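Contents: one structure, followed by commentary.
The values are calculated or read from the model by the stated rules, or taken from the named source; none is laboratory data. Keep in mind it's a predicted model, so treat the numbers as computed, not measured. All Cβ positions, glycine included, derive from the backbone under ideal geometry; neighbour counts span all protein chains shown.
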């Protein structure tokens, strides 16, 4: 069941009865021509250090239990990370930083995320992306975000009964949360819309608490804009808000 248009995406996402069905449907999405061309180009040309590997080269599903209390909303898979390994935040520097922090917080069983079969398991936490395909220059277009949104909205609907906190990694994820909250929870965002910032916190009645964190990108972690201590603080607060600490 291929999704080739925005209408297809909306229909196929809405019809998914559970997370495995949603993940399978999203993996067959071809609705954004620019993203399809890029993900497939990267999968064929490959980075030299991964030239012997077979790339996933398709939309990347969320990771974590369906009864998660904490959600981590990212931007999109990395070209040579999730787009290569087939698992979000896996096989790249961003994944190294995030999963190590989750392990320190007791939310992951191990501190590494290198391949889809490395045994990683998340506790009480699900990671997902606003856009399911790797974009050129890590910059999805607004129309691509909007076309992909039904996959995110359905995922949130399926985990809604237990979801208490959402951490938005970066401004793009923060912006993607507000239409998702309206679609899933029927709640309009505050006016003016709260600004993104690291450790920003917004509580809107009837929705999960939203926390902001700088993205775990190399640009932020290598420059010290985001330190391990800063990420640990956000995860610790998320655990407390979710009733896990």
Subject >> Selected residue (criterion: farthest from the chain's Cα centre (by Cα)) from residues of the stretch 63-75 that are over 22 Å from residue 220 (Cα atoms) and part of a strand (DSSP E or B) >> reply: 70
Original post:
If you scan the stretch 16-37, which residues turn out to be surrounded by 14 or more Cβ atoms within 10 Å (Cβ to Cβ) and in a loop (DSSP other than H, G, I, E, B)?
Top reply: 16, 27, 28, 30, 31, 32
**OP:** Please find, among 245, 183, the residue that is touching a helix residue (DSSP H, G or I) at 6+ places or on another chain (Cβ under 6 Å), in a helix (DSSP H, G or I) and without any contact (Cβ under 8 Å) to a residue 60 or more places away in the chain.
**Re:** 183
**OP:** Scan (1) under 23 Å from residue 223 (Cβ atoms); (2) under 15 Å from the mean Cα position of the chain (by Cα); (3) in contact (Cβ under 8 Å) with a residue 60 or more places away in the chain; (4) not in a loop (DSSP other than H, G, I, E, B) for the single condition residue 99 breaks and write down its number.
**Re:** (3)
Original post:
Scanning for something surrounded by fewer than 21 Cβ atoms within 10 Å (Cβ to Cβ), under 21 Å from residue 36 (Cα atoms) and at pLDDT 95 or above, does the stretch 119-136 turn up at least one residue?
Top reply: yes
Subject >> Residues of the stretch 1-11 satisfying the condition of being crowded, with 19+ Cβ neighbours inside 10 Å and free of Cβ contacts under 8 Å to residues at least 40 places away in the same chain >> reply: 3, 8
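Yes/no matrix, rows are residues, columns are (1) touching a residue at least 60 places away in the same chain (Cβ under 8 Å); (2) in a loop (DSSP other than H, G, I, E, B); (3) over 18 Å from residue 118 (Cβ atoms):
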| residue | (1), (2), (3) |
| --- | --- |
| 39 | yes, no, yes |
| 43 | no, no, yes |
| 49 | no, no, no |
| 59 | yes, yes, yes |
| 77 | no, yes, no |
| 83 | no, no, no |
| 87 | no, yes, no |
**OP:** Report yes if residue 240 is in contact with a helix residue (DSSP H, G or I) (Cβ under 7 Å, 6 or more places away or on another chain) and either surrounded by fewer than 17 Cβ atoms within 10 Å (Cβ to Cβ) or free of Cβ contacts under 8 Å to residues at least 40 places away in the same chain (or both), otherwise no.
**Re:** no
Original post:
If you scan the stretch 211-242, which residues turn out to be farther than 18 Å from residue 98 by Cα and not in a loop (DSSP other than H, G, I, E, B)?
Top reply: 240, 241
